[in-house]
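Each reported figure results from applying straightforward, stated rules to the coordinates on display, with no laboratory input. Source: prediction; values computed, not measured. Counting neighbours? That spans all protein chains shown, and the Cβs are built from the backbone with ideal geometry, glycine included.
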Amino acid sequence: MNYEEVFLVFWEQVKESIQEGRFAKLTMAKTIGKPDLKNIFVRPISFEKDTKVAVKFRFRSKETEDTLNEYTLAQAFEVLKLHLKTSFLSVLLFTTTKDVTFKINKKGAGSITESFPTFQNVTLAENNMD
């Protein structure tokens, strides 16, 4: 399946985990090449009606300062989508009930795998988010 279609299925699991209060963290990893952008982390700020998330861009070089932005869930989706297959080949969703990994292979196909949860509790983001 095309990675964009599979990412939509993956994102439904992200939304569901937020609606149910199980969303702990999301990490974009496995960079393509050696770009300055090392990771993108997403953490919940609030689970209110208009869910807010903190999106942290972590850079490799010490000269480039990490940036932290607050987005709605829809805005975060658009930001992450921009970095798929251009900067990152995998996205890891950590919830309190399971970990879900989205990957893009060399042919551009997406896949989703599930494993046991890494996190047992949800911690809301703070300004010093890791």
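The table for this structure:
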| quantity | calculated |
| --- | --- |
| Backbone HN-Hα couplings from phi across region 13-25 [Karplus 6.51/-1.76/1.60, Hz, Gly and Pro as x] | 5, 4, 4, 4, 5, 6, 4, 8, x, 9, 6, 9, 6 |
| In sequence order, calculated HN-Hα J values of region 27-36 (Karplus, 6.51, -1.76, 1.60; Hz; x Gly/Pro) | 10, 8, 9, 6, 6, 8, x, 10, x, 5 |
| Residue order, fewest to most surrounding Cβ atoms within 10 angstrom, among I32, I104, I112 | I32, I112, I104 |
| Difference of contour (0.36 nm per residue) and Cα-Cα distance, E5 to Q19 | 2.9 nm |
| Phi-based couplings in Hz for region 77-82 (Karplus 6.51, -1.76, 1.60; Gly and Pro marked x) | 4, 5, 5, 5, 4, 4 |
| Built amide H within the under 5 Å cut-off of T118, gap 5+ | T95, D99 |
| Highest-fluctuation residue, E65, E16, E114 considered, GNM on the chain with Cα pairs under 10 Å | E65 |
| From the coordinates shown, Rg and Dmax of the Cα atoms in Å corresponds to which of (i) 15.4, 49; (ii) 14.0, 39; (iii) 14.0, 43 | (ii) |
